[in-house]
Amino acid sequence: MTNAAVSHQIKQLEDHLGKKLFIRRNNQLALTDAGDNYLPRVRDALRAIEQATDLLMDTADAPLRVAVPPTFGAKWLVPRLYRFFNQHPHVRVEVSTADVQDHGQFDLCIDDRQVNAPNLRVEWFTSTDFFPVSNAALQTAIRMPQDLAAHTLLHERGGRHLAHHPTWQQWLDEVGVCQINATRGPAFSEALMALQAAIDGQGVALGQGILVEYDIAAGRLVRPLATEASLRLSYYLIHPHEAVEHPGFALFRQWLADEVARSGGRARNQQMPGEVF
């Protein structure tokens, strides 16, 4: 701001107050008695405005820190993320795929586990079904669930973040197949590896519908069975209450909801993104 602009602002304030706040002495400004009485009363307010402005500017420059499960990040978020950047090129986003222990250290987490903490807001985001997926070469060989007995089953197993995921045993029980050993076959600590093994023709994985959408569309995976099971998994948006102050937060959250709608998530599920738990 130029000296002339500052002088103009001071003149406007003095006109508003009806009092002179400054006098010029030897080419320097000095406070009048009115100004000397006025300054202590507004100093704290001016500092608060300055601090709030600095904070807002720092926040505007800071990236939006997002945490997601590894498979969700690789199979759902990243293939779509270019659309967010095309719409909002000024918003910086940092994506982490760590197994989140402290959701409060991120601006937004997408997780398939609910948390209960007073400093966090939890919103239902979307849910997904589970069904067998395989390389296209196996499609004609698997016509009914019983045919899975002749093929390698690929499992997710290991981390605490997988403990609540449906298993092959649960899926087979759901569809009424009991003569298959549901524990045979290799196990992987991330669904991402099980899906890659299925893509490579090493067996049949139990895929999450929303996470295999792109692989099926591209022909990397097929759904050999139309058999439906009621097994589902929900995902939640988890964030500290103050995260909404980040300039990019509302934009990213709305974009997530739009992407769910784009893939038919709202029509497929009864709940709507944003329901609070």
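What follows is calculated from the coordinates using simple rules that are stated; it is not laboratory data. Here the structure is a predicted model, which means the values were calculated and not measured. Because the Cβ atoms are built from the backbone with ideal geometry, glycine has one as well, and the counts that use them run over all protein chains shown.
Values for this structure:
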{"quantity": "Kirkwood Rh in Å, taken over segment 127-232 so that all alpha-carbon pairs contribute", "calculated": "13.5"}
{"quantity": "Peptides 203-216, 134-147 ordered by average Cβ neighbours within 10 Å, highest first", "calculated": "203-216, 134-147"}
{"quantity": "From the C-alpha gyration tensor of the chain, square roots of 5λ in Å", "calculated": "60, 17, 15"}
{"quantity": "Rounded to the nearest 20 debye, dipole of the chain from Cβ charges on Lys, Arg, Asp, Glu", "calculated": "480"}
{"quantity": "Helix 78-87 axis, angle to the chain major axis (alpha carbon atoms, nearest 10°)", "calculated": "30"}
{"quantity": "Under 17 Å from the Cα of LYS20 - aspartates and glutamates, other chains or at least 8 residues apart", "calculated": "ASP33, ASP36"}
{"quantity": "Within straight-line cross-link reach of LYS75, lysines at Cα separation under 19 Å, skipping those fewer than 8 residues along the same chain", "calculated": "none"}
